[in-house]
1. Where the only charges are on Cβ atoms (+1 Lys, Arg; -1 Asp, Glu), what is the dipole of the stretch 11-110 about its Cα centre, to the nearest 20 debye?
2. From the phi angles alone, apply the Karplus equation (6.51, -1.76, 1.60; θ = phi - 60°) to the stretch 46-59 and give each ³J(HN,Hα) in whole Hz, x where the residue is Gly or Pro.
3. I want to check the label-to-label distance for Arg41 and Arg104. Put each point 7 Å from Cα in the C-beta direction and report it in nm to one decimal.
4. What ranking, highest mean first, results for peptides 45-53, 75-83 when packing means the other Cβ atoms within 10 Å averaged over each residue?
5. Over the stretch 9-101, what portion of Cα pair distances is larger than 15 Å, expressed as a whole percent?
6. How do 31-43, 58-70, 123-135 rank on mean C-beta neighbours within 10 Å, highest first?
7. Explain nothing, just compute: Karplus ³J(HN,Hα) = 6.51 cos²θ - 1.76 cosθ + 1.60, θ = phi - 60°, for every residue of the stretch 122-135 in order, whole Hz, x for Gly and Pro.
8. Which value in nm describes the separation of the simple spin-label points at Ala87 and Leu127, placed 7 Å from the Cα toward the beta carbon?
Amino acid sequence: MDNTVLKTTTAPDPEPELRELTQQFPATPRGARLARRLAVRRMEEWGYPPASDASCTVALLVAELASNAVRHGRVPGRDFRLRLACAPSTRTIRIEVSDAREDRLPAIPSALTADDESGRGLLLVDLLAVRWGTTRRIPVGKTVWAEVRCAVR
């Protein structure tokens with residue numbers, strides 16, 4: 001009789017190539033707040049605590065893009081959509097906010113004064129994101145996206 005001992009080991013499941021969250025929200029200030037809160041919760045599930053630089057940056061970008069969708073991209077009866085995608089292999093988190101208005105594209109104001117009460121949000125997006133931009137959304141609307149680099153978790 002053979003006294004060979006077979007040992008089996010199980011390797012941990014490989015890290016997913018892409019982690020995603022996609023959710024629709026009402027195009028209201030409350031919807032924008034909920035989008036930010038959900039983004040922070042999902043970042044925590046992905047290993048980025050709420051007080052981490054990555055989570056705070058994503059929260060700020062989601063808040064800005066969602067509030068812009070509510071304020072400038074709102075079409076009565078239409079929601080906006082949030083998509084977060086985390087690619088661990090590239091340490092990139094992509095934030096996408098889609099709304100139903102294709103005619104109002106975001107632009108950084110050319111000149112701001114100290115008395116201006118709005119217009120600085122996209123400056124923050126430009127400073128915090130590695131890159132950002134807009135794409136046309138089929139069949140209608142646009143998607144404003146921003147990418148952030150984060151430590152691997």
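We did not get these values from a lab; they are worked out from the coordinates using the rules stated. Note that the structure is a prediction, hence the values are computed from the model and not measured. We place every Cβ from the backbone using ideal geometry, glycine too, and count neighbours over all the protein chains shown.
1. Values: 16 positive and 13 negative charges, 108 e Å.
In debye, rounded to 20, the stretch 11-110 gives about 520.
2. Taking θ as phi minus 60°, the curve returns 8, x, 10, x, x, 8, 6, 4, 4, 5, 5, 5, 4, 4 Hz for the stretch 46-59.
3. It works out to 2.8 nm between the two label points.
4. Working: 45-53: 13.8, 75-83: 16.7.
Result, highest mean Cβ count within 10 Å first: 75-83, 45-53.
5. On the way: 2496 of 4278 pairs.
Cα-Cα pairs of the stretch 9-101 separated by over 15 Å account for 58 percent.
6. Numbers: 31-43: 19.6, 58-70: 23.4, 123-135: 13.8.
The densest-packed peptide leads the list: 58-70, 31-43, 123-135.
7. Couplings: 6, 5, 5, 4, 4, 6, 8, 8, 5, 7, 8, x, 10, 9 Hz.
8. Spacing of the two 7 Å Cα→Cβ label points: 2.7 nm.
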